[in-house]
Every structure is written in C-alpha cells, then in structure tokens.
C-alpha cells in the first residue's frame, strides 16, 4: 500500500484489517482491562508499538465524539509518564512553545491524589490528576502498569475487570469507523 496523503477507501479498510489482525495477535500476550459496569459503546483505543513491540494497549468505553469516555490502557514502563503525555495533549502543551520546559515540569511534578479503584474485586491504589470532569490516573495491578483517561465519568464509578476477549472492542471500533468514515 502506498500512502500519498490520503488513502482510498480500499486502502483505508485494508489498513484497518491489518491493524485489527495485529491487535488480535498481540492481545493474547498482554493483560487488558475494561469497565465492569458499562452498557454503552466500546472500542479499542490507543495501541502503540515501539521497535515492533507492543508498548500500549487501550480499551475505550464511549466514543471520541461523545460526551463521555473512559480509556483504560496497559502500558510498558512507568504509567505516570503516559499520564504526563496525555495531560499535555489534552491541554495543548507543545514542545514548540517557548515556555514548554516550565509547563512540562509543572505537569510532570504535580502530585497526584490517591484514589482507590476496584480491579477484579480487589481495591487498588491509583494516583489521580485533574478534576471531576476530566481526569487521569496511573497505577499498577499485579505488575501491570495501567493508565486511565476519563472524560465526564466519575472516578467513584470506575471498577476494572480483566478482559479476555477484545473482539467486541474491535467490532465496536469497526462500527464506529464505518459511521465516521463511511462503509466498506
């Protein structure tokens, strides 16, 4: 497939199928988590690779264009580093700005608030940043680093469960992509 700025519909959907295949293959090798009490739309979120190795695997509850969403990501390394990146993206902090170093340092060094979030029925301590409507949390579950990125969903309502089958999340993502991009 040759990328020249825009993909044809066939190229786009071929790319989607390749990504779905890769996610299914990699999902068997990493623990991923979702919300226990969720009845709305679900989809895969951010999945990232570094040097061809999975570095993050996210599941989303809600949609990017909706009022409410929660992404739970399993990440390699320190989850706080991923929270800093997410906060900077959400607040528009860019390395191109003259005061980037100061703003980055302020986000990086901000203390989180300890919150207890159930995971598979066990209370786990996370560090939380942000307010009641937009917040981020970082923590660990049995050696697995977790980042939560939430919009308009109270931290008190979050209960995590391990997800064994990501296919429903892939189907939700595909349905969402069809809706925003157009059919196959």
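We did not get these values from a lab; they are worked out from the coordinates using the rules stated. Remember, predicted model here, so these are calculated numbers, not experimental data. Positions of Cβ are generated from backbone atoms using ideal geometry, with glycine treated the same way; all protein chains shown enter the neighbour counts.
Given that just one value was derived from the coordinates, which of [x] 47, 46, 33; [y] 97, 37, 29; [z] 91, 36, 27 is Cα extents along the principal axes in Å?
Evaluating Cα extents along the principal axes in Å on these atoms matches [x].
From Cα pairs below 8 angstrom and at least 6 apart in sequence, can you work out the relative contact order of the range 9-181, rounded to a whole percent?
RCO, the range 9-181: 26 percent.
Which of these, 86, 114, 50, has the largest mean-square fluctuation under a Gaussian network model of the chain (Cα springs below 10 Å)?
Between 86, 114, 50, it is 50 that shows the largest mean-square fluctuation.
Rounded, prolate or oblate for the range 91-184? Axes are the square roots of the Cα gyration tensor eigenvalues, ordered a ≥ b ≥ c, and the cut-off for rounded is a/c under 1.5.
oblate
Rounding to the nearest 10 and keeping the result within 0 to 90°, find how far the Cα-based axis of helix 79-91 lies from the longest principal axis of the chain.
Between helix and principal axis, roughly 80 degrees.
Using a Gaussian network model on the chain with a 10 Å cutoff between Cα atoms, which of 82, 11, 26 fluctuates the most?
Maximum fluctuation in the GNM of the chain, among the listed residues, is at 11.
What does a probe at residue 50 reach in the range 140-184, counting residues whose amide N is under 14 Å from the point 7 Å along Cα→Cβ?
From the range 140-184, the list is 145.
Mind checking which of 45, 92, 112 has the largest fluctuation in a GNM of the chain, springs on alpha carbons under 10 Å?
With Cα springs under 10 Å in the chain, the top fluctuation among 45, 92, 112 is at 92.
Per DSSP helix of 4 or more residues, -39500 (n - 2.57); summed, then divided by the residues of the chain. What does that give at 222 nm, rounded to the nearest 500?
-10000 deg cm²/dmol
How much FRET efficiency would the formula 1/(1 + (r/R0)^6) give for residue 100 and residue 39, where r is the Cβ-Cβ distance and R0 is 45 Å, rounded to 0.05?
E(calc), rounded to 0.05, equals 0.65.
Mind sorting 126, 33 by how few other Cβ atoms lie within 10 Å of their own Cβ, fewest first?
With the sparsest Cβ surroundings first, the list reads 33, 126.
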